[in-house]
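Take a look at the structure below.
The values are calculated or read from the model by the stated rules, or taken from the named source; none is laboratory data. Here the structure is a predicted model, which means the values were calculated and not measured. Here the Cβ is made from the backbone with ideal geometry for all residues, glycine too, and neighbour counts use every protein chain on show.
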Amino acid sequence: MSERAADSRTRILDAAEALFADRGYEASSTARIAGHANVPKGLVFHYFPQKIDVLVALVDERTFVEELPDGPEAAVEAVPGDPAGTLSRLARRLPLHASPAMRRILFREADTHKSVRERLGRLNSEVFLRARRALELAHPGARGDQARLEAAAATFTAVLIYQENLAGLTGQHIDPDAVAELIARALGA
């Protein structure tokens, strides 16, 4: 692909990302995408035969879920006796690489688009496995109560994954470090 073609394709994806994040997929026509990208509408269809192909390309190319072949413990920097610190370190190494706009698109479109739902599901699973393993390593006493351990890992996962959307809804950011402290206290650490 030539540099000029790559630039046009990138502008189309940039425009679609901004529009889908702001208005949603259904409310963003290909004509509007072309207008925001400052390209002819036919060029959008040249690169993306259907509008859904634009969404799929955005999700595939602009979100990355870091999955580790060695399992969740490979990504966990656990300190025994310090579950709050361990979860805080995990939060800083969140395996989702996506802009705030792409995060909004993931959540907005997950209910209606299978590829988006699958990407979000992989992210949720990866973070949950890491959070659970981090808690097992940092607070070995928690292994005896799998239900509480799973609830703690699921809660922390929800905060990490949904914090961008929560901030958009409430105007407040949730501090993952504060949530890590709360979870550690709830587990008796």
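Quick notes
- Of all residues in the stretch 161-180, none satisfies being touching a Pro at 6+ places or on another chain (Cβ under 7 Å), crowded, with 16+ Cβ neighbours inside 10 Å and of a type in the set (Val, Ile, Thr).
- The residue pairs whose first member lies in the stretch 21-45 and is closer than 15 Å to Val56 by Cα, whose second member is acidic (Asp, Glu) and buried (at least 19 other Cβ atoms within 10 Å of the Cβ), and whose beta carbons are closer than 8 Å, counting only pairs six or more residues apart or on different chains, are Gly24/Glu109; Tyr25/Glu109.
- Ala147 vs. criteria small (Gly, Ala, Ser), in a helix (DSSP H, G or I), surrounded by 15 or more Cβ atoms within 10 Å (Cβ to Cβ) and assigned by TED's automatic domain parsing to the domain that holds Ala101: no
- Residues in the stretch 106-128 that are over 21 Å from Glu150 (Cα atoms) and of a type in the set (Lys, Arg): Arg108, Lys114, Arg117, Arg119.
- Residue, farthest from Pro176 (Cα to Cα), within the stretch 37-69, restricted to residues that are buried (at least 17 other Cβ atoms within 10 Å of the Cβ) and modelled with pLDDT under 90: Thr63
- Taken together, the criteria place Pro72 among residues that are modelled with pLDDT under 85 and either outside the structural domain of Tyr162 (by TED's automatic domain parsing) or in contact with a helix residue (DSSP H, G or I) (Cβ under 6 Å, 6 or more places away or on another chain) (or both).
- Residue in the stretch 133-142 that is assigned by TED's automatic domain parsing to the domain that holds Leu106, surrounded by 19 or more Cβ atoms within 10 Å (Cβ to Cβ) and in a loop (DSSP other than H, G, I, E, B) present: yes
- Criterion (part of a helix (DSSP H, G or I), among the small types (Gly, Ala, Ser) and at pLDDT below 95) met by exactly one of Ala21, Ala16, Ala34: Ala21
- One residue from Phe107, Phe128 being touching a Ser or Thr at 6+ places or on another chain (Cβ under 7 Å) and in the same structural domain as Val179 (by TED's automatic domain parsing): Phe128
- All positions within the stretch 43-54 that are under 17 Å from Asp7 (Cβ atoms) and either among the polar types (S, T, N, Q) or in a helix (DSSP H, G or I) (or both): Leu43, Val44, His46, Tyr47, Val54
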